[in-house]
Amino acid sequence: MNQTNEDRFIITSGERKFSYAMIGVGVLSLLIGVILAFTGGHIWAGKVWIALLANSLFFLGLALTGMFFITSHQLALGGWYVVFRRVPEAMSQYLPVAGLLMLPIIIGVWTQSHHLYHWADPEVVAHDALIRGKTGFLNPSFFTLRYVIYFGLWTLLAVLWRKASLKEDIEGGLKYYKKRMKYSAIFTVVFAVTSSTMAWDYMMSIDTHWYSTLYGWYVFMSFLVAGIAAMILLITYLKSRSYLPAVNAEHLHDLGKYIFGFSVFWAYLWFSQYMLIWYGNIGEETIYFKSRMEHYPFLFYFMLVINFVVPFFALMTRDAKRKIPSLVIISVLLLFGHWLDFYLMIAPGASANEVHFGFFELGLTAGYFGLFLLVVFRALAQARLSPVKDPFYKESLEHHT
C-alpha cells in the first residue's frame with residue numbers, strides 16, 4: 001500500500017469549531033449550574049457534582065478501553081486490528097486530561113465542598129459505626145494516594161507505549177515492538193487490579209453501606225462496551241473522510257462481534273448482581289436497586305433496553321455486524337446507554353434520590369465530549385494513521401473472518 005501524506009489525519013476547521021462549540025456548551029452549562037448552586041440551590045449543587053463525576057469517569061473509561069484494547073491484543077499476538085490501531089491508541093492519550101478533570105473531586109473530599117462520599121464527612125462517620133469500620137480504606141489520605149497511583153501509572157504507561165509506537169514508525173525493526181510488549185504486560189497487571197479498586201473508590205463507596213463482589217467486573221464491562229462503541233464511531237468517521245481505506249467489513253465484523261458479545265456479558269453481570277440481591281432479600285443490599293427502581297424507573301429500565309435488548313437483537317445477524325449504518329446507530333445508542341448506566345451508579349446514592357437527569361447533564365456531557373474529541377483528533381494528527389512498520393501490519397491487511 002502506497003503511503004503518502006494522505007495517510008496523515010488533518011484536523012479541519014469544521015472539526016475544530018465543532019469540538020470548541022461542544023466545549024463551550026459544557027462550560028456554559030457548568031457556569032449556570034454553579035451560579036444556581038451558589039444562589040441557594042441545594043439540589044443544583046448535587047446536580048453539578050454528580051454530573052462532573054459521572055462524565056469524568058465515563059470519558060476516563062473510554063480512554064482506559066483504548067489502552068486496554070491495544071495492550072491486550074499486543075499480548076495475545078493479535079494482528080487483525082493493526083490497520084486501525086491508531087484510533088484506540090489516540091483514545092488512550094486522553095488519560096492525563098482525565099486525571100486533571102478528576103482533581104476537583106479529590107479536592108472536594110478534603111474541603112467538604114461536595115457530599116458525594118458520605119465517608120468523607122467527619123460528622124457522618126462519628127455517628128455511623130459501619131462507616132467507621134471502613135475508615136482504614138475510606139479516608140481522604142489513602143483515597144488521594146490511590147488517585148495519584150491510578151492516574152500516574154495509567155498515564156505513564158500510555159505515554160511510554162505511544163512513544164515506542166511513534167519511534168517504531170521511524171526506525172522499524174523489532175526493538176520497539178518488544179518495548180510495547182513489555183509495557184502491555186505491565187499495564188495489564190496494573191489494570192487488572194486498579195480497574196476494580198477504582199470502581200470501589202469512585203462509585204461503590206458512594207453507597208457506603210452497600211457493596212457487591214461483582215461491582216469491579218460490572219464497571220469494567222460497561223467501560224469496555226462504551227469504549228469499543230466509541231472506537232467504531234471514530235473509525236467509521238475517519239473512513240467517511242477517506243482515511244483508513246484498509247479497514248474493511250472484516251475488521252468491522254470483529255468489532256461488531258465485540259460489542260454484541262460484551263453487551264451480553266454486561267447483561268449477565270447485571271442480572272447476576274440483581275438476582276443474588278433479590279434472592280438474599282437483605283435490606284442493606286436491596287436498597288441499592290430499590291432506590292433506583294422507585295425513584296428513577298424510566299431511566300432504570302430504559303438503560304437496560306438500550307444496553308442489552310437493542311444490541312442483542314440488532315446485531316444478532318452476521319450482516320448487521322458488517323454494515324456501517326447499523327454499527328453506527330447501535331454504537332451511538334450504546335454510548336448513551338452506558339453513560340446512563342454510570343449516571344445511575346452515582347446519582348441515587350450521592351443525592352438521596354433528589355437529583356434527576358435533565359438538560360444540564362446533557363450540556364455538561366457535550367463539553368466533555370468536545371474535549372475528548374479534540375484530544376483524540378490531535379493525537380491522530382501526530383502520526384500516520386497506518387502503522388506500516390508494525391510486524392503484524394501485513395496480517396491485518398489480509399484479515400478475513
Legend entry - Residue selected from the range 163-204 under the condition under 22 Å from Leu380 (Cα atoms) and hydroxyl-bearing (Ser, Thr, Tyr), by the criterion surrounded by the fewest Cβ atoms within 10 Å (Cβ to Cβ): Tyr177
Inset, instruction - Can you give me the number of residues within the range 129-161 that are charged (D, E, K, R) and free of Cβ contacts under 8 Å to residues at least 12 places away in the same chain? - result: 1
Legend entry - Top-ranked residue of the range 62-93 - restricted to ones that are closer than 14 Å to Arg384 by Cα and in contact with a Ser or Thr (Cβ under 7 Å, 6 or more places away or on another chain), ranked as surrounded by the fewest Cβ atoms within 10 Å (Cβ to Cβ): Glu89
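Scan Phe369, Phe312, Phe289 and give me the residue that is surrounded by 17 or more Cβ atoms within 10 Å (Cβ to Cβ) and either in contact with a Pro (Cβ under 8 Å, 6 or more places away or on another chain) or in contact (Cβ under 8 Å) with a residue 12 or more places away in the chain (or both).
Details: Phe312 fails: surrounded by 17 or more Cβ atoms within 10 Å (Cβ to Cβ); Phe289 fails: surrounded by 17 or more Cβ atoms within 10 Å (Cβ to Cβ).
Only one candidate passes the filter, namely Phe369.
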Inset, instruction - Identify all residues within the range 321-344 that are under 17 Å from Met293 (Cβ atoms) and touching an Asp or Glu at 6+ places or on another chain (Cβ under 9 Å); write none if there are none. - result: Tyr343
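Is one or more of the residues making up the range 250-265 among the aromatic types (Phe, Trp, Tyr), in contact with a Ser or Thr (Cβ under 7 Å, 6 or more places away or on another chain) and farther than 30 Å from Ala352 by Cβ? Write out each step before concluding.
Filtering the range 250-265 down to residues among the aromatic types (Phe, Trp, Tyr) leaves 258, 260, 262, 265.
Within this subset, residues satisfying the condition of being in contact with a Ser or Thr (Cβ under 7 Å, 6 or more places away or on another chain) are none.
The answer is no; no qualifying residue exists.
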Inset, instruction - Could you check, for the range 372-385, whether at least one of its residues is of a type in the set (Val, Ile, Thr), surrounded by fewer than 16 Cβ atoms within 10 Å (Cβ to Cβ) and in a helix (DSSP H, G or I)? - result: no
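Would you please name the residue that is surrounded by the most Cβ atoms within 10 Å (Cβ to Cβ), looking only at residues in the range 230-246 that are among the hydrophobic types (A, V, I, L, M, F, W, C) and more than 17 Å from His73 (Cα to Cα)? Reasoning before the result, please.
Here is the first cut: in the range 230-246, the residues among the hydrophobic types (A, V, I, L, M, F, W, C) are 230-235, 238, 244, 246.
Narrowing the set further to residues that are more than 17 Å from His73 (Cα to Cα) leaves 230, 233-235, 238, 244, 246.
Values: Ala230: 28, Leu233: 17, Leu234: 24, Ile235: 24, Leu238: 19, Leu244: 23, Ala246: 17.
By that ranking, first place goes to Ala230.
Please report, ordered by residue number, the helices (runs of 4 or more DSSP H) entirely within the range 105-213 with at least 1 residues that are touching a Lys or Arg at 6+ places or on another chain (Cβ under 8 Å) and closer than 30 Å to Ala37 by Cβ. Give the steps one after another, and end with the answer.
Numbers: elements: 122-126, 129-132, 140-171, 175-202.
Ranges flagged: 122-126, 175-202.
Since every read-out is calculated from the coordinates, none of them should be taken as a lab result. The structure presented is a predicted model; accordingly, all values stated were derived computationally and were not measured. All Cβ positions, even for glycine, are placed from backbone atoms using ideal geometry, and neighbour counts span all protein chains on display.
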